[in-house]
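Peer 1: Handing you this structure, nothing more for now.
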Amino acid sequence: MTLVFVLVVAAAVAWYLQARQRPGAGSSAAAKARRLRSPLVRLADLLGVETARGRRADQWAAGAAGERATAARLAPLARSGWTVLHDRALPTGRANVDHLLVSPSGVVIVVDSKRWSARYPLSVTGGRLMHGDRDVTARLNGVRHEAATVARVLGCRVIPLVSMDGPAMPPELVLDGVRIVPADQAVPVLRVLGRRYRATGPHPGARATQLFAPYRKK
């Protein structure tokens with residue numbers, strides 16, 4: 001039995017054992033990373049060969065780690081009476097919401113976890129979101145779409161917020177209604193936003209839990 005054969009078998013077994021999606025924060029991103037790391041990609045990793053699929057898997061795995069870190073930061077809110085849902089599917093399409101929160105007073109907030117390179121600062125310049133000298137404004141389209149969809153389904157206002165890990169940035173950036181805050185400041189900002197107004201109808205927490213199921217691959 002050659003070493004290459006042993007490595008192939010080990011890679012295949014690892015892929016099989018990890019292929020099933022597990023519930024919780026970052027589960028869909030982690031599942032995407034596992035799907036990209038096919039047995040051949042795992043074999044290439046073991047041999048020290050870099051592949052495009054391997055790089056994409058690393059990016060998805062980093063995203064999953066960021067979502068889990070955000071979930072850990074949000075845990076005190078759940079203990080304070082907030083509804084805190086992680087990795088929830090939108091009713092239509094393939095998109096998911098990283099974190100869906102409802103404050104005790106009924107304020108609904110969609111939180112998107114992002115982990116970008118710390119090599120470049122984050123700023124808003126001329127109405128554009130800049131990561132260093134790169135225009136990354138379009139990367140806010142996802143959280144904006146998610147917030148709009150949640151608002152339509154629940155029939156109430158929804159605040160979109162990005163929890164940003166990595167780049168140096170001001171205490172808060174706001175662009176076209178999307179708030180961007182350093183990850184370690186997300187909870188204090190959320191507490192302030194959660195007191196901004198009170199829901200006029202029934203508290204939307206139970207409906208959010210019912211209508212936005214845990215994400216599963218479609």
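Readers should treat all values here as calculations from the given coordinates under stated rules, not as data from a laboratory. Keep in mind it's a predicted model, so treat the numbers as computed, not measured. Methodologically, a virtual Cβ is constructed for each residue, glycine included, from the backbone with ideal geometry; neighbour enumeration extends over all protein chains shown.
Peer 1: If neighbour count is taken as other Cβ atoms inside 10 Å, put Ser103, Ser123, Ser163 in order from fewest to most.
Peer 2: Ranked by crowding around the Cβ, least crowded first: Ser123, Ser103, Ser163.
Peer 1: Quick one: if you stick a label point 7 Å off each Cα along the C-beta vector at Ala148 and Gln185, how many nm between them?
Peer 2: Placing both labels 7 Å along Cα→Cβ, they lie 2.8 nm apart.
Peer 1: Test of understanding: what is the full-extension gain from Ala95 to Asp176, defined as 0.36 nm times their sequence separation minus their Cα-Cα distance?
Peer 2: 27.1 nm
Peer 1: Taking neighbour Cβ counts within 10 Å as the exposure measure, how do Leu122, Leu90, Leu190 sort from fewest upward?
Peer 2: Ordered by Cβ neighbours within 10 Å, fewest first: Leu90, Leu122, Leu190.
Peer 1: Please order Thr209, Thr200 by the number of other Cβ within 10 Å, starting at the fewest.
Peer 2: In order of increasing Cβ crowding within 10 Å: Thr200, Thr209.
Peer 1: While we're here: Net charge around Arg207, counting only other residues with Cβ within less than 14 Å of its Cβ (Lys, Arg = +1; Asp, Glu = -1)?
Peer 2: So the surrounding residues net to +2.
Peer 1: Could you tell me which chymotrypsin sites (Phe, Trp or Tyr not before Pro) in the stretch 163-218 are loop residues by DSSP with no more than 14 other beta carbons within 10 angstrom of their beta carbon?
Peer 2: Sparse-neighbourhood loop chymotrypsin sites (Phe, Trp or Tyr not before Pro): Tyr197.
Peer 1: Let me ask you something else. Using 19 Å as the cut-off for backbone N distance, which residues of the stretch 183-197 belong to the label zone defined by a point 7 Å from the Cα of Ala72 along Cα→Cβ?
Peer 2: Residues passing the 19 Å test: 183-188.
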